[in-house]
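**Q** To start, I am sharing the structure in question, which I have written as structure tokens.
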Amino acid sequence: KKYQIISEALGGIKELKLHGKEELYVNDYDGVSEKCVHVTTYNTIIVHISRSFLEIMSFGIIISAVVFLVKSGQKITDFLPLLSLFAMAGLRLIPSLQQLFASITVIKANTYSLDLTFEDLKKSMQAELTKEKEIKRAPYPLVKSLKLSNVDYRYSGTHQNVLNELNIEVNSNTSIGIVGPTGAGKSTLVDIILGLLKPTSGDLIIDGNKISTKEQLKKWQASIGYVPQSIYLLDNTIAKNIAFTLEDESIDQVRLQDAARLAQLEEFILSKPDGYQTFVGERGVQISGGQRQRIGIARALYQSPSILIFDEATSALDNVTEKSIMMAINKLSKDRTIIMIAHRLTTVKDCDLILFLKNGRVTSQGSFDELVQTNSEFRKMLEA
């Protein structure tokens, strides 16, 4: 709970300070932190008090034995050597007993967290206890077509499908736009193509082959370039963010520069004194939203994928930059497949095919001009 409050407060720090909500989070944190302090103090006292307790108990037994033997009429000289031996043995045993007691206390204190973690691991592994062999991520490029055959998808714990009997075919080296109202299932559709979600029913088929094994899935994912709506950036240099690596030696400088040029990022990089070695800061705090988006696009292009997927990837760009990037992206469709999700319909205007999704189904498809003519909802979105 402490970490959750900290994460939420730092994640929404601008809005939090703007609306003066700092005290709410501080008070919430104080309550949880106070409980943690009490529990930690209690556990620490139990661990350290055990030695004193064991010493008192041990020597209490010895003193009681002395008193009992003296009262029973035995001479102290007769039993003193034996008691001394027991006392020395007790002194030597106390550290080991105290360590054992402390270990039991730590185990008891952490059992609840361990049980939760174990249950999560069991679920994520789906009770597979055998260690899987490492799967080589050799790309499985798209050569002919990508198909979704009778795909349904329902999120866990819900009773309604997000996607319903979806049948889509995307030919290689073409550009496809996916549009539709909010909640139509566009992002879920892309996550299935990416292999991040497994269809409730139906199949993902690449060049006539069903993607059914983990090995096939990993190879398929290695051939995809993905640009999400929100770009995750390392607290590192522009070069390492584009190559998405922490090792300078593994960066291909030619591919790096080509990707930056294509993503309309080169001019910005060269304007910086450190060039590609410019640090972007934590979550890209030192650069603009549009520059973060372009780094994400360059990262996808750096991988030289056979299929590029853009999930609202140009939403943070101004119209002029978006237009220049889209011209470059459209040129790419000659030798690779491009799939775009967009709310800004001008983004998909030059796509070879546009799919209109509503309630998890493709209700119409065609070129931009064809949808303007045949789909009233598409026209309303365009007018809006």
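The values are calculated or read from the model by the stated rules, or taken from the named source; none is laboratory data. Quick caveat, the model's predicted, so the values are computed rather than measured. Reconstructed Cβ throughout: ideal geometry from the backbone, glycine too, with neighbour counts over all protein chains shown. Heads up: the accessible areas ignore ligands, DNA and RNA and are worked out on the full protein's heavy atoms, side chains in. Shrake-Rupley method; radii C 1.70, N 1.55, O 1.52, S 1.80 Å.
**Q** Shape of region 234-291 from its Cα gyration tensor (a ≥ b ≥ c, root eigenvalues): rounded if a/c is under 1.5, otherwise prolate when a/b > b/c, or oblate?
**A** oblate
**Q** For region 222-281, report the accessible area per residue in Å² (1.4 Å probe, heavy atoms, rounded to an integer).
**A** 53 Å²
**Q** Given axes a ≥ b ≥ c from the Cα gyration tensor, I'd like to know whether region 1-147 is rounded (a/c under 1.5), prolate (a/b larger than b/c) or oblate.
**A** Note, shape of region 1-147 comes out oblate.
**Q** Could you tell me what a quarter of the Cα convex hull surface of region 233-380 works out to, in nm² with one decimal place?
**A** Hull-based average projected area comes out at 9.9 nm².
**Q** Oh, and also: Where the accessible area of region 165-218 is counted over protein heavy atoms with a 1.4 Å probe, how much of it, in %, is carbon and sulfur?
**A** 45 percent
**Q** Under the Kirkwood approximation applied to all pairs of distinct alpha-carbon atoms, what is the hydrodynamic radius of region 260-309 in Å?
**A** The Cα-based Kirkwood calculation yields 11.5 Å.
**Q** Quick one: grab the alpha carbon gyration tensor of region 185-297, order the square roots of its eigenvalues as a ≥ b ≥ c, and give me rounded if a/c is under 1.5, else prolate or oblate depending on whether a/b is larger than b/c.
**A** Verdict is prolate for region 185-297.
**Q** Return one quarter of the surface area of the convex hull spanned by the alpha-carbon atoms of the chain, equal to its mean projected area, in nm².
**A** That works out to 31.2 nm².
**Q** Can I ask one more? Write down, largest first, the equivalent ellipsoid semi-axes of region 139-206 in whole Å, where each equals the square root of 5 times an eigenvalue of the alpha-carbon gyration tensor.
**A** Taking √(5λ) for each Cα gyration eigenvalue gives 22, 14, 10 Å.
**Q** Can you list which of the DSSP-assigned H helices in the chain have a Cα extent of 15 Å or more along the long axis and an average Kyte-Doolittle score of at least 0.5?
**A** TM-like helix candidates: 22-71, 76-125.
**Q** Putting +1 on Lys and Arg Cβ atoms and -1 on Asp and Glu Cβ atoms, find which of T237, G202, Y226 reaches farthest to the positive end of the dipole of region 178-265.
**A** Final value for the positive-end residue is G202.
**Q** Between K214 and I49, what FRET efficiency follows from the Cβ-Cβ distance if R0 is 41 Å, with the result rounded to 0.05?
**A** It comes out at approximately 0.20.
**Q** Step by step: find N for region 177-241, compute 2.2 N^0.38 Å, then divide the Cα radius of gyration by it. What's the final number?
**A** Rg over 2.2 N^0.38 Å, computed on Cα atoms: 1.37.
**Q** Pairs K1/K218; K219/K349; K14/K349; K218/K240: which exceed 25 Å Cα-Cα?
**A** K1/K218; K219/K349; K14/K349
**Q** Rounded to the nearest 500, what is the 222 nm mean residue ellipticity of the chain from helices alone, with -39500 (n - 2.57) per DSSP H run of 4+ residues and division by all residues?
**A** One gets -16500 deg cm²/dmol as the mean residue ellipticity at 222 nm.
**Q** Assuming 0.692 mPa s and 37 °C, estimate D for region 129-252 with Stokes-Einstein, Rh taken as the Kirkwood radius over Cα pairs, in µm²/s.
**A** 196 µm²/s
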